[in-house]
1. Of all residues in the stretch 1-16 being among the hydrophobic types (A, V, I, L, M, F, W, C) and outside any loop (DSSP other than H, G, I, E, B), which is nearest to residue 76 (Cα to Cα)?
2. How many residues are among the aliphatic types (A, V, I, L, M) and more than 16 Å from the chain's Cα centre (by Cα) if we restrict to the stretch 11-33?
3. Suppose we filter the stretch 86-134 for residues that are farther than 19 Å from residue 47 by Cα, among the acidic types (Asp, Glu) and modelled with pLDDT of 95 or more; how many remain?
4. Could you please give the count of residues in the stretch 144-169 that are in contact with a strand residue (DSSP E or B) (Cβ under 7 Å, 6 or more places away or on another chain) and closer than 19 Å to residue 71 by Cα?
5. Kindly list the number of the only condition in (1) among the aliphatic types (A, V, I, L, M); (2) farther than 15 Å from residue 96 by Cα; (3) part of a loop (DSSP other than H, G, I, E, B) that fails for residue 19.
Amino acid sequence: MAVTIVALGGSLAEHSTSLAAVRIALDGASQAGAHTELYDIRQLDLPMYVPEAANVPDAARAFCESVYRCDGMLWSSPLYHGTISGSFKNALDWLQLLGDRKPAYLTDKVIGLISTAGGTQGLQGVNTMEFIVRALRGWAVPLVIPIPQAWRVFQEGQVLNESVAAQLQALGGEVTRAAGRFASGRITTPEAGRAEAALQPVSDTEVHRAP
């Protein structure tokens, strides 16, 4: 059975290197046999996340439903001042809507990480995303793609470096392969789930259930 991979990437810029990068990775996932879906940060146009907001925008609900149904994800953020962009982090904050689901958040979902940077660094963005993946109970694949001086690699949405393109496609394929393995059987055991709920409860239900 084919897995579904959802990509989240881009920025508020008209020409986004992080969006160009995740498109290539998503193509790699498609070539590996996955059903794919792309969420462009700029087109998603989410308002700032407000905890316990009375009115949740339709775009946020649709995004969260797609994420909950998928088997794996590809994340791609630009590096702004040593970390991920505010708009990218805001989209991830809306995943709080999945806190009351069973299982919660990104439990047993496989995530591939990409960061594009204007300077010579790129790994800080990946490191930040890896912390977030763990907080959301997902699994990040070991292969990560930090792309320094991305303006040399991408121009107007087109990739100029075949080596980087091959790496991104390999990431898409790896996420698809790992997601397929995870989809064949639940990875997180009930015991581990209870321990996680006790250490980091994400809902009133988990608070009351924790020993």
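The values are calculated or read from the model by the stated rules, or taken from the named source; none is laboratory data. Note that this is a predicted model, so its numbers are computed, not measured. In this analysis, Cβ positions are derived from the backbone assuming ideal geometry, glycine residues included, and neighbour counts consider all displayed protein chains.
1. Taking the stretch 1-16 first, the residues among the hydrophobic types (A, V, I, L, M, F, W, C) are 1-3, 5-8, 12-13.
Add one more test, that the residue is outside any loop (DSSP other than H, G, I, E, B), and what stays is 5-8.
Numbers: 5: 13, 6: 11, 7: 8, 8: 6 Å.
Restricting to residues being among the hydrophobic types (A, V, I, L, M, F, W, C) and outside any loop (DSSP other than H, G, I, E, B), the top hit is 8.
2. 3
3. 1
4. Qualifying residue count, the stretch 144-169: 2.
5. Among (1) among the aliphatic types (A, V, I, L, M); (2) farther than 15 Å from residue 96 by Cα; (3) part of a loop (DSSP other than H, G, I, E, B), residue 19 violates only (3).
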